[in-house]
Amino acid sequence: MREVLIADDHPLFRDALKRAVMQALPEAGLHEADSVAALHATVDAHPDIELLLLDLHMPGANGFSALVHIRGQHPGLPIIVVSAHEEASVIRRAIAHGASGYIPKSAAVETIVQAVRKVLDGDLWIPSAVRGAGTALKPAEASIAAQVAELTPQQFRVLNMIAEGLLNKQIAYELGVSEATVKAHMTAIMRKLGVSNRTQVALLASHLAIDADTLANGANGASDAVA
């Protein structure tokens, strides 16, 4: 039995993905996660998971950060990004960050079925409109991705809360730890990222965001995905 994890914070879309996966793999064992924290816990608890379907926008994620971090923590796990973003630039950046496939949320069930089968067979799957043109990450983005990949899951959670503008006491409350523990995580994060204050941490994290400029550059992006 092949194990598949679906990480998306929208229950209705998770159900749609589950139906598509069961059509592609009738005997699949399915797992679900609705946040980045749940994603890490599930992957750690089920080391036999063979495929991850990952939404870019979940609690605890900031742009490509979840993709980058899970790829660094579990380099052998194929990841298909499933996102409402259909811009070519976003799709190419996801592939450049290590995704094995990219499925727009507007895709038909048959498309999702085919993408799941292709990626599990070891192939790359992306919408036809963006095939044949790779994207090299900007040096700054590639560098921060490599550094973020080295953070522990708890450090990663702190990083994203910093990027969201939370204060240490707010982060401590959310994580159920002391402010001293948060400060210790902050020190480790700054050391790994090579910066000296939280403003610089947030600035570096922004390199992994999907921003307005990125979307504007992808105005001529992907159309409906096809085989």
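Selection of strands (runs of 3 or more DSSP E) fully inside segment 1-65 by the criterion of at least 2 residues being of a type in the set (Val, Ile, Thr) returns 3-7.
Once segment 179-193 is narrowed to residues that are within 23 Å of the chain's Cα centre (by Cα) and touching a residue at least 12 places away in the same chain (Cβ under 8 Å), the residue that is farthest from Ala140 (Cα to Cα) is His185. Look at segment 67-97 and say how many of its residues are of a type outside the set (A, V, I, L, M) and assigned to a helix (DSSP H, G or I). Summing the residues that are of a type outside the set (A, V, I, L, M) and assigned to a helix (DSSP H, G or I) in segment 67-97 gives 7. Any residue at all in segment 161-170 that is touching a Ser or Thr at 6+ places or on another chain (Cβ under 8 Å), of a type outside the set (Asp, Glu), surrounded by 15 or more Cβ atoms within 10 Å (Cβ to Cβ) and within 19 Å of Ala38 (Cα to Cα)? No: zero hits.
Look at segment 84-95: where a residue is modelled with pLDDT under 90 and a partner is surrounded by fewer than 22 Cβ atoms within 10 Å (Cβ to Cβ) and assigned to a helix (DSSP H, G or I), sitting 6+ places away or on another chain with Cβ atoms under 6 Å, you get Glu87/Leu215; Ser89/Thr214; Ser89/Asn217. Return yes when Pro139 is more than 19 Å from Lys18 (Cα to Cα), modelled with pLDDT under 90 and crowded, with 16+ Cβ neighbours inside 10 Å and no when it is not. In short, no. Checked against the criterion of being without any contact (Cβ under 8 Å) to a residue 60 or more places away in the chain and touching a His at 6+ places or on another chain (Cβ under 6 Å), the candidates Gln155, Gln147 yield just one match: Gln155.
Residues that are more than 15 Å from Ala94 (Cβ to Cβ), crowded, with 19+ Cβ neighbours inside 10 Å and touching a Ser or Thr at 6+ places or on another chain (Cβ under 8 Å) within segment 50-72 comprise just one, Gly60. Is there a residue in segment 9-25 that is over 29 Å from Ser128 (Cβ atoms) and more than 12 Å from the chain's Cα centre (by Cα)? Yes.
Working only within segment 200-221, note down all residues that are outside any helix (DSSP H, G or I) and at pLDDT below 50. Result: Gly218, Ala219, Asn220, Gly221.
Quick one: is Gln114 touching a residue at least 12 places away in the same chain (Cβ under 8 Å), farther than 18 Å from Leu137 by Cβ, surrounded by fewer than 19 Cβ atoms within 10 Å (Cβ to Cβ) and polar (S, T, N, Q)? It is false that Gln114 is touching a residue at least 12 places away in the same chain (Cβ under 8 Å), farther than 18 Å from Leu137 by Cβ, surrounded by fewer than 19 Cβ atoms within 10 Å (Cβ to Cβ) and polar (S, T, N, Q). Taken over segment 19-64, the criterion of being β-branched (Val, Ile, Thr) and touching a helix residue (DSSP H, G or I) at 6+ places or on another chain (Cβ under 8 Å) is satisfied by Val21, Val36, Val43, Ile49.
The values are calculated or read from the model by the stated rules, or taken from the named source; none is laboratory data. Just so it is clear, the structure is predicted and the values come from calculations on it, not from any experiment. Using ideal geometry, Cβ is built from the backbone for each residue, glycine included, and neighbour counts are taken over all protein chains shown.
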